[in-house]
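We did not get these values from a lab; they are worked out from the coordinates using the rules stated. Treat the numbers as computed from the prediction; the structure is a model and nothing was measured. Please note: Cβ atoms are built from the backbone with ideal geometry, for glycine as well, and neighbour counts cover all protein chains shown.
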Amino acid sequence: MEFKSRTGQPTKARTQCLVAGVYDKKVLSDIAKTLDKASRGYISRIIKKGDMTGKVGSGLLLHEVPGIAADRLLLVGLGGKAAMDVGQYQNLIKSTISKLKITSARNALLCLSEPEIKGKDARWKARQTAEIFAHTMYSFTHMKGKQSAKKPTLNRVEMHAANRTEQNAVNKALLEASAIAKGVTAARNLGNTPSNICTPAYMARESRKLARDNKTITTTVLEEKDMKRLGMGALLSVGKGSAEPSKLIIMNYKGAPRSEQPYVIVGKGISFDSGGISLKAGAGMGDMIYDMCGAASILGTMSAVAELNLPINVIGVIPAAENMPSGSASKPGDIVKTMSGQTVEILNTDAEGRLVLCDALTYIGKFKPRTVIDVATLTGAIKTALGKYPTGLFANDDDLANDLQHAADASADRIWRLPIWEDYQTQLKSQFADMANVGGREAGSITAACFLARFTKKYRWAHLDIAATGFTSSPKGATGRPVPLLTQYLIDRC
Ligand code: BES
Ligand code: MN
Ligand code: ZN
C-alpha cells in the first residue's frame, strides 16, 4: 500500500475515487461545498433527498459527478460538528475503507482532514489514517492452496492537504506511518505463521534476513551450547521436551556512535505453547501458535527503527523455544538455576514465558541498557484484569512508565499500568528454591511481572503483557501490537 499527499483543487484531481465528508443533518463539509459548487448543486440536491444523513458510518457512492474529474465520489458521514474522539475517528476511517473496498477503485484521494479530534493535529490524523488503511487491507492468504481470483484492490491512497504547511505535516506522518505499517505487517506475518513452520530456527532465519535487508542491523544467534555455557538453566529448561532447538536471537541496530547506551527490547518467542507436562486443555490450544507475538513485535519494531534511520542504538532480543511434553521435558517440581544465580522451582511447566525471559533479561545487562522493555503473551489473567483493549504495563521506573504512556497516546496503541508491589512477591515463595515460577490464583499477571522484576533490578525496566492484545481468536490473527507503541517510544527518544 502506497501513501502520498496532495494539494490543489480536489475538483480537478484525477483519481478513481474522491472521498469527502458530510456532517450530520445533511451539512456539507467545506470540501464537499466546493465539489457541490463545481457540480452546480448536484451533490446538495442528492443529499436533500435523504439518502445520506451525515451520521458516522453512513455513506453514499456517486459516479461521474458533473464538474468533477474523479471517476467516483464517495461521501462519508462525519457526525456532528463537535470535535470527535479518537475512537470515533478510527471508526470513520474504518467505515470509509469498507465502502472503498466494495468499489473496484485502485486508488483514492481522501479529503478528510476537516473533522476536529480532541488534542490531535493534521499530522496525527494522517498517520492514523495511513496505519488503519495498511492494517485493514492486510491479509494472510498465501497458505491457501489456490489463490482466489484477484480482483483489483486499492493500492494507492492520497491524502489531501489544504496548504504547504499541512502538506509538510502530512508527509512526515506518512513517512512514519509507512515504516510502522511495514513493521506491523512483518510482525503479523511472523505471528500468523503456524508453529510447524515458525520454529525458533525460523525466527532466527527471519532475524538474519532483517539484517541482510538493513545494513544498520547485525544479527547474532546463540545456540543451546552457548546458552549452557552462560548458565541459562531456566531458558533451556523450556525447550527440553521439544525436538526444536532453542535459540537466543540478538538484533543490534546502530544509529548512533558505539559510546551511546542502547535501548533494549526483549520479546517472548515461544513458537508453540502446549503447556508442556502441565498440558493445556485441548480447546483453543491452536491459539498458542501466537505465543511468539512478543518476539514478532520486536522484529517488527527493529524493522521500523531501521526504516526510519533513528539516530539511537537499539538492541532487540528474542529468547525462542517450543514448549512441549515428552520424556525429556521439564516436570513440575524440577528446580533450575538461572543465569543470575537465583534458582527456580518449576511448579507449573505452563508458566514458561517468564523462564525464557528471565535469562534473556539477565543476559542483556551486559549492554548497559538505557531502558529495557520486554513484550510477552505472558498470562491469560491479563484479559481477566483488563479485557482486550489495553496492553498491561508494569514498570520499576515511573519516568519510563510515563514515557510509554505518552507514546501509547500518540500512537493510539493503548496500555494500562498495574502495580508490582513488594507485597505480591510473597506469593512466589518456594520451599526449596529461591522462588517458584507461579504465584497462585490471585493476581496472576502481577505475580508474573513480580517474577521478572527479580531479574531486572539493575536497570530501568518495563514489561508489556500482550496476551490479550497481541492476537485475536476469532477471527484468528496477530495484531502487530505493540509495534506502533514501541516505535513511537523510540521516535520520542530522538
Ligand atoms: N502463553 C500463556 C499465556 C496466554 C494464555 C497467552 C492465553 C495468550 C492466551 C502462558 O505461557 C501461560 O500458559 N500462562 C499461564 C500461567 C499460569 C500457569 C500461572 C496462564 O495464563 O494460565
Ligand atoms: Mn504457558
Ligand atoms: Zn506461553
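In whole Hz and in residue order, list the ³J(HN,Hα) couplings for segment 371-379 that follow from phi through the Karplus curve 6.51 cos²θ - 1.76 cosθ + 1.60, θ = phi - 60°; x for Gly and Pro.
9, 10, 10, 10, 10, 8, 7, 8, 9
Can I get the semi-axes of segment 346-494's equivalent ellipsoid? Compute them from the C-alpha gyration tensor as square roots of 5 times the eigenvalues, in angstrom, largest first.
Working: eigenvalues 116, 75, 36 Å².
Three semi-axes, in Å: 24, 19, 13.
If only Cα atoms are counted, what is the Rg of segment 130-230, and what is its Dmax, in Å?
That works out to 18.9, 61 Å for Rg and Dmax.
Give me the distance in nm between label points sitting 7 Å out from Cα along the Cα-to-Cβ direction at R14 and K55, one decimal.
In this crude label model, R14 to K55 measures out at 4.0 nm.
Taking only the alpha carbons of segment 150-287, what extent do you get along each of the three principal axes, in Å, biggest first?
Principal-axis extents of the Cα atoms in segment 150-287, largest first: 62, 48, 23 Å.
For a quick check: sort H142, H160, H463 by the number of other beta carbons within 10 angstrom, fewest at the front. Let's see the in-between values first.
On the way: H142 8, H160 25, H463 29.
Ordered from fewest to most neighbouring Cβ atoms within 10 Å, H142, H160, H463 come out as H142, H160, H463.
Starting from the Cα of T220, step 7 Å toward the Cβ, then list every residue of segment 250-278 with an amide N under 19 Å from that point.
Only 250-267 fall inside the zone, counting backbone N under 19 Å.
Restricting to Cα atoms and excluding each atom paired with itself, what does the Kirkwood estimate give for the chain in Å? Write down the numbers at each step before the final one.
Details: mean 1/r = 0.0417 Å⁻¹.
Final number for the Kirkwood radius of the chain is 24.0 Å.
How about K247: which lysines have a C-alpha closer than 19 Å to its C-alpha, ignoring those fewer than 8 places off in the same chain?
K209, K225, K228, K268, K337, K366
What's the exposure ranking of S207, S113, S237, going from fewest to most Cβ atoms within 10 Å?
Details: S207 26, S113 21, S237 29.
Fewest to most other Cβ atoms nearby, the residues stand as S113, S207, S237.
If I histogram all Cα-Cα distances within segment 2-137 using bins 5 Å wide from 0, what percent of pairs lands in each bin?
Per 5 Å bin, starting at 0, the Cα pair percentages come out as 2, 10, 22, 25, 23, 13, 5, 0.
Once you put a point 7 Å from the Cα of D213 and another 7 Å from the Cα of E2, both along the Cβ direction, what distance in nm separates them?
1.9
Report the antiparallel proportion of the DSSP beta bridges in the chain as a percent, rounded to a multiple of 5.
On the way: 32 of 73 bridges.
Rounded to the nearest five, the antiparallel share is 45 percent.
If you stretched the chain out fully between K146 and Q431, how much longer would it get, using 0.36 nm times the residue separation minus the C-alpha to C-alpha distance? Numbers along the way, then the final one.
Details: separation 285, 0.36 × 285 = 102.60 nm, distance 5.68 nm.
Full-extension gain reported as 96.9 nm.
Taking θ = phi - 60°, what integer Hz values does the Karplus form 6.51 cos²θ - 1.76 cosθ + 1.60 yield along segment 111-118, in sequence order, with x for Gly and Pro?
In residue order, the calculated couplings are 10, 10, 7, 5, x, 8, 10, 3 Hz.
Taking every pair of distinct Cα atoms and averaging 1/r, then inverting, what Kirkwood hydrodynamic radius in Å comes out for segment 55-211? If you can, show how the numbers build up before the last one.
On the way: mean 1/r = 0.0559 Å⁻¹.
Here the Kirkwood hydrodynamic radius works out to 17.9 Å.
Out of the chymotrypsin sites (Phe, Trp or Tyr not before Pro) in segment 400-494, which ones are loop residues according to DSSP with at most 12 other C-beta atoms within 10 Å? Mind showing how you got there, number by number?
Values: sites: W416, W421, Y424, F432, F451, F455, Y459, W461, F471, Y489; in loops: W421, F432, F455, Y459.
Qualifying residues, ordered by number: W421, F432.
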